[in-house]
Amino acid sequence: MFLELSQIKRAFGEGESRVEVLKGIDLQIEKGEFCVLLGPSGSGKSTLLNIIGGIDTADSGYISINGEKTADMNEKALTKYRRKHLGYIFQMYNLIPNLNIKENVEVGAYLSDSPLEVDELLKTLGLYEHRHKLPNQLSGGQQQRTAIGRALVKNPDILLCDEPTGALDYKTSKEILALIDDVHNKYGTTVVMVTHNDAIKNMADRVVSLRDGMIRKNYLNETKLTVDELEW
Amino acid sequence: MRDPLNKRLGRQLREELGKYVIIFLFFVMMIGAVSGFIISDTGMINAYNESFEKYNIEDGNLEFTLDPDKDTIEDIEKDGGIKLYENFYKDEETDSFDSTLRIYGERDEIDRLCLWEGEFPSADDDIALDRLYAQNHDLKVGSSFEVSGRTLNVCGIVAFTDYSALYESPSDLMFDNDMFGVGAVTDAGFDSFNDDHLHYNYSWLYDKSPDGDVQAQEMSEELMKTVAEKAMLQNFIPAYSNQAIHFAGNDLHNDRTSILVFLYITMVILAFIFVVTTESTIAKEAAVIGTLRASGYTRGEIVRHYMKLPMYTLTAGAIVGNIVGYTLMEKYMAAAYLGSYSLTTYSVSFSADAFVLTTLIPFVIMFVINLAALTRKLTLSPLKFLRRDLTRGQKKKAFRLNTKIGIMTRFRLRIFFQNISGYIVIIFGIILGYSILFFGLMFEPMLDNFKEETVNNMIADSIYVLRMPAETDAASAEKAAMTSLKTTFEKYKAEDVSVYGISENSRYVKIDHNGGVTISTAFMNKYGLKKGDSITLTEKYGDKDYEFEITGFYDYPSTIAVFMDIDDFCETFDMDEGYFNIYFADEKIEDIDEKLIMSKITEDNLTKTSRQMTRSMSGIMTVFKWFGVVMFVMVIYLLAKLIIDKNAQSISMTKILGYSNREINGLYVHTTTIVALLSMLVTLPLVDFLIGAIFKMVFMSYSGYFAYETDLTVMVKCFITGVISYSLVAFVLNRGVKKIPLAEALKNAE
């Protein structure tokens, strides 16, 4: 199994205000799978993604990627893990504001031994003519494309997407989803996407539905739709 | 209802405790030091100003070569419009330690003494000693010491109001309270010393006091002519030009101005630090501000809210600073002056002036600068805040950087340009810190160098100045002539010039006797003179001018002097052929009657400047060194931390991307490191130049010459101290970067 989560628990606060956000998550994702984590606000899906991404740590349980357990890793190893295996896309893009578009992507490329060609990628993302602009000179969709470019350029094993269309309009959202799907298909990248948009589950290989910190449903999607076919 | 936003203040303070603690300490340090200084300075200035009337300080003093009779005195008093007071003294050598003690008799009418401790002399062997001189030789009330073979008992510690700075001679560059002191004995005690070293000195008071220095100068010039017509003058020193009376007062006034200028420069830098930090807080809290504005909070309410913490910090710093100033620093600052000057007793009281200067004005500076910056920033619409877009007008365009430059270097350049305002403040902070540090480090080697140069370039071990020609058998003695003239440069205050007549084959002064005059290198350097220039000098106690052409320079680094052929000297000054009045000698001349020797110029006389400056400035220089370091650390830390705080989300994002702490430090801390180190390197010569210019300006108003020369080691020490200070900051910053959580990047996704 490529990505394995076992009995992941995470709580916040102490005493009476203690809230158990994840109550023992078991999940297995195959290499190259497109997995959607679905659920309402407070279900624990973003917390779970952050734990997979090494941004947060679980109180108990473990995550292993290709047999490597993140719990056994020190800070340095964890950094290396993120550097080598992960690409991250956030709802609010999180671009570096004082770098131009090309430089934001190059920041990702710097981390990889075999990065994708930056200019080619910018062309693919439709950003080449904007490459000298600062992030705040672009629309939300263009900024999100840049964030995708930054995540993809290092050719990661896993692409973690946290509500990547949450701040975008319908049309732009579909463009972004199509882009992620293309990458998934073209490079065989494993994608884990958190969303509260129920429609997106239809483009995934695996759908994991969370509520109150527990997995309610975990199934393989037999009737995958293309992005164009998605409606919400 | 109380402003609910106040509840955020505690949290904001906790979040940025380090920053506010440093700013608070900065205020306490600055306001404490300056208010302590101003309070003690004000107390001393008041006491000093009052002392002229309280102790009846003279309008001037003059010395006759021979004591004039009663009729001459009355004649001078009548024609000169003055009252003369006998104020004879005897310069005696102390046996218990190496020094000259100027002994006066009782002073009941003029230049009365201020008693610090003990009592005035009542027995013949009693002496009341100057406080500083006593302190420097470990003499207390009840101590005894030997003077010219006699034992004197210290009965009192006093301040001589006409010797607040212990200048032995008015032509001295610097006073010397170690090798020279003053004491008062009873009249009978005075008479019991032999008259070998008796000086017929009189102090005078005008019948009608002059109104200001200009009138005092006019009156004294008239008086000098009157006196010179009636008796042979040895010395004539009007009070307005007497350094022994006025140096301390001027220094107290000048220091006050300098320290206030320093305070306000620091406050402006600090205010800009505040502006930069507050702007960073606003950027960080843009969404909160946007929400509050959208909810109906007025701009004024938001401005007031963000003004509160800086102003509370300043208020707290000002309160503690004033307490520290009145309790601890006042004594420390006063000690610096009392360690240099023989001032009268003074008292400290609450000074409204000090409060306004040290607290109110800085408060207003900070308030206005912060208010202006915040008000301007908060004119943006709530929507812009909500969108975290704090740009004004058109969106900022990115300038292009050559893509051949590696991404990490471009990243650093972007960080540099993004934070350029912060870096400019850092550079000013470095200049200010350096200036203080430089000032603290430069004196010791400069004084050592001055002393070494002076000693190495002495004409002879001793120069004996005679009252009248006398022969000696001392083998090394060489006859020469000397007189004193005054400079007449328009831009500068007149000062004494020693004019030497040198015999043709002198073994002591080797100069070309080619018609013109040779001037000392001190003279050349101080006034920027060159070969071929003409100089006009004038009589000290007359109005005859002498014009000389400069034909050469003689390496004599601390004395303003002119050298010429002795025959030319005699011709110029109407002396008989073969005239001489000084001996150069490398040995002690013992076969000339002491009464015929007016003074001796030895190594001690020439090096008293460096000795006194070392003594009076070493304490304060240590303070300067530490203050410079603290200034360095605080300014760089505050601003560099700000750059880290401002980029916390980007740093967090780069961590998420997989950058190691080392790489991130390489981006965010190393950019500051490069700026700091380059600034330290580049600004050092600038600071050297600035200090040199200030130094030259200050020393132009002093008699004699003190060369501004900075040792390379001072530069190196400054740079190393800067680097060490910065390393400390960088260490803390590196830890700060390490502490930024990965989750920071998620914050704007709330």
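The values are calculated or read from the model by the stated rules, or taken from the named source; none is laboratory data. Note that the structure is predicted; figures quoted are calculated from it, not measured. Cβ sites come from the backbone with ideal geometry, for glycine too, and all protein chains shown count toward neighbours.
Okay, here's what the table says:
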| quantity | calculated |
| --- | --- |
| Matching entry among A:V36, A:V105, A:V21 (being among the β-branched types (V, I, T), out of contact with any strand residue (DSSP E or B) (no Cβ under 7 Å at 6 or more places or on another chain) and either more than 8 Å from chain B (Cβ to nearest Cβ) or within 29 Å of A:L225 (Cβ to Cβ) (or both)) | A:V105 |
| Candidate set: the stretch A:66-90, residues that are more than 14 Å from every other protein chain (Cβ to nearest Cβ) and of a type outside the set (D, E, K, R); chosen: the one farthest from A:L152 (Cα to Cα) | A:A71 |
| Positions within the stretch B:58-83 being surrounded by fewer than 20 Cβ atoms within 10 Å (Cβ to Cβ) and among the hydrophobic types (A, V, I, L, M, F, W, C), in sequence order | B:L66, B:I73 |
| Test for B:R611: is it within 30 Å of B:G440 (Cβ to Cβ) and touching a residue at least 24 places away in the same chain (Cβ under 8 Å) | yes |
| Neighbours by Cβ (under 6 Å, 6+ apart or cross-chain): first from the stretch B:388-403, facing chain A (nearest Cβ under 7 Å); second modelled with pLDDT of 75 or more and outside any loop (DSSP other than H, G, I, E, B) | B:K395/A:N136; B:K395/A:Q137 |
| Unique residue being outside the structural domain of B:S169 (by TED's automatic domain parsing), buried (at least 17 other Cβ atoms within 10 Å of the Cβ) and either at negative phi or aromatic (F, W, Y) (or both) when the list is B:L746, B:L712, B:L686, B:L690 | B:L746 |
| Of the criteria (1) of a type outside the set (D, E, K, R); (2) within 9 Å of chain B (Cβ to nearest Cβ); (3) closer than 21 Å to B:I405 by Cβ, which one A:G53 fails | (3) |
| Residue count, the stretch B:273-323 (criterion: within 30 Å of B:S351 (Cα to Cα) and crowded, with 20+ Cβ neighbours inside 10 Å) | 10 |
| Any hit, the stretch B:333-342, residues being surrounded by fewer than 15 Cβ atoms within 10 Å (Cβ to Cβ) and touching a residue at least 40 places away in the same chain (Cβ under 8 Å) | yes |
| Tally, over the stretch A:115-163, of residues that are within 10 Å of chain B (Cβ to nearest Cβ), polar (S, T, N, Q) and closer than 30 Å to A:S41 by Cβ | 1 |
| B:D138 among the acidic types (D, E) and within 35 Å of the chain's Cα centre (by Cα) | yes |
| Any pair with Cβ under 6 angstrom, 6 or more apart, that starts in the stretch B:425-444 at a residue that is of a type in the set (S, T, N, Q) and ends at one that is assigned to a helix (DSSP H, G or I) | B:S435/B:V687 |
| The stretch B:407-454: number of residues that are under 21 Å from B:F719 (Cβ atoms) and more than 14 Å from every other protein chain (Cβ to nearest Cβ) | 25 |
| Counted residues, the stretch A:21-32 - those being at positive phi and assigned to a strand (DSSP E or B) | 1 |
| Candidates B:F88, B:F27, B:F97, B:F64, filtered to the one that is outside the structural domain of B:I636 (by TED's automatic domain parsing), farther than 18 Å from B:A165 by Cα and within 23 Å of the chain's Cα centre (by Cα) | B:F27 |
| Residue count for the stretch A:5-19, restricted to those that are more than 23 Å from A:I63 (Cα to Cα) and polar (S, T, N, Q) | 1 |
| Residues located in the stretch B:103-146, provided they are among the acidic types (D, E) and within 25 Å of B:Y200 (Cβ to Cβ) | B:E106, B:D108, B:E109, B:D111, B:D124, B:D125, B:D126, B:D130 |
| Tally of residues being without any contact (Cβ under 8 Å) to a residue 24 or more places away in the chain and β-branched (V, I, T) across the stretch B:673-697 | 2 |
| Count - residues of the stretch A:125-141 that are over 22 Å from A:A167 (Cα atoms) and free of Cβ contacts under 8 Å to residues at least 24 places away in the same chain | 2 |
| Residue that is nearest to B:V147 (Cα to Cα) [pool: residues in the stretch B:192-209 that are exposed (fewer than 14 other Cβ atoms within 10 Å of the Cβ) and either of a type in the set (F, W, Y) or in contact (Cβ under 8 Å) with a residue 60 or more places away in the chain (or both)] | B:S192 |
| Test: residue in the stretch B:213-222 that is touching a Phe, Trp or Tyr at 6+ places or on another chain (Cβ under 7 Å), farther than 20 Å from B:Y48 by Cα and surrounded by 16 or more Cβ atoms within 10 Å (Cβ to Cβ) | yes |
| Among (1) more than 8 Å from every other protein chain (Cβ to nearest Cβ); (2) over 19 Å from the mean Cα position of the chain (by Cα); (3) under 30 Å from B:I407 (Cβ atoms), the one test that A:D59 misses | (3) |
| Test result for B:G80, assigned by TED's automatic domain parsing to the domain that holds B:F180 and modelled with pLDDT of 95 or more | no |
| Extreme residue, farthest from B:S520 (Cα to Cα), among residues of the stretch B:684-719 that are modelled with pLDDT under 85 and of a type in the set (D, E, K, R) | B:D711 |
